[in-house]
Amino acid sequence: MLVFLLFIVLLVGLGVLLSRQMNRHMDEDILDDDFREKDRNRDKKRPDKVLAFGPKMQWIAVKTDYREKVAATMKLTNLELANWSNGLEKASENEAFLTPNIDGWILAVGWGLGEIWKRTELLEKLSREYGEAQFFLTHAGAHSHTYIRYANGEMMRHVHCEEGEILTNEGTPAKAESTLDLSNTLPDENLIFNIAAEWSVNPKSLGQGQYVEVEGLGSVGYLRP
């Protein structure tokens, strides 16, 4: 009987030890996952070098130094810091990436901006607040190209081409359009980037040497519909 009791006690003790060991490993795995997640979040917010972007993208250029003010004017929600690589990744989905100051311009990049050419009141508002706001879209695959410029609340230029058809053509042409006859020629990517360079910042050139001093952190957020 005594031997049997000792055997039961031994089994219980081994069970407790095994249970503690398993729980410890589970806790360690959970902690490891937490640390890995924190590391990933830190990587997203760790400053990196400025990155160029352009094809198959849309963006707003606002003439100001302060992205926080632009975010407030645009009423972006769920704002958080993001470096260029993470910000542009989010921009390719359904969020907006606000870049750091680029020679006096803040760019709001991403498909999360929605159909700005249909709601130009946002550009009007931004231009009244900061003096000038522009919108660009280029997507050769969809044959869609757009460039819009507002200054002090007034529309200066608005061209929107969708599926190979020019739907809007208003205002004073840019210098880059001087050799373009929109009555028989459609805008293309090269024209979009040339106009962006003329009006504000050509995002395809951001990888060049003159931009090496641009800050490595911006912000990502959602634009309210």
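Read-outs: derived from the displayed coordinates by stated rules, not from any lab. Values in this document were obtained by computation on a predicted structure and should not be read as measured data. Every residue, glycine as well, gets a Cβ built from its backbone with ideal geometry; the counts of neighbours run over all protein chains shown.
Under 15 Å from a label point set 7 Å out along the Cα-to-Cβ vector of Met155, the amide N atoms of segment 91-122 belong to 116-122. Stretched out straight at 0.36 nm per residue, the stretch from Arg46 to Asp103 would grow longer than its current Cα-Cα span by 18.3 nm.
For segment 53-69, the Karplus equation 6.51 cos²θ - 1.76 cosθ + 1.60, evaluated at θ = phi - 60°, returns couplings of 8, x, x, 6, 8, 9, 7, 10, 10, 10, 7, 6, 9, 10, 6, 4, 5 Hz by residue, with Gly and Pro reported as x.
Per-residue 3J(HN,Hα) values for segment 176-191, derived from phi via the Karplus relation 6.51 cos²θ - 1.76 cosθ + 1.60 with θ = phi - 60°, read 5, 8, 4, 9, 9, 10, 5, 6, 9, 9, 8, x, 9, 4, 4, 5 Hz in sequence order (x marks Gly and Pro). The phi-based Karplus calculation (6.51 cos²θ - 1.76 cosθ + 1.60; θ = phi - 60°) puts the 3J(HN,Hα) values of segment 81-96 at 5, 8, 7, 4, 5, 5, x, 6, 5, 5, 5, 6, 9, 10, 10, 10 Hz, whole numbers, x for Gly and Pro.
Near Lys90: Cβ cut-off under 12 Å, other residues only, Lys/Arg at +1 and Asp/Glu at -1. The net charge is -3. For segment 57-223, the relative contact order comes to 29 percent (Cα pairs under 8 Å, sequence separation of at least 6). Straight-line cross-link reach from Lys125 at under 27 Å between alpha-carbon atoms covers these lysines, not counting any fewer than eight positions away in the same chain: Lys56, Lys63, Lys69, Lys75, Lys90, Lys175, Lys204.
Among residues other than Thr172 with Cβ under 15 Å from its Cβ, the summed charge is -2 (Lys and Arg +1, Asp and Glu -1). Extension gain, Ser183 to Tyr211: 0.36 nm times the residue separation minus the Cα-Cα distance gives 6.4 nm.
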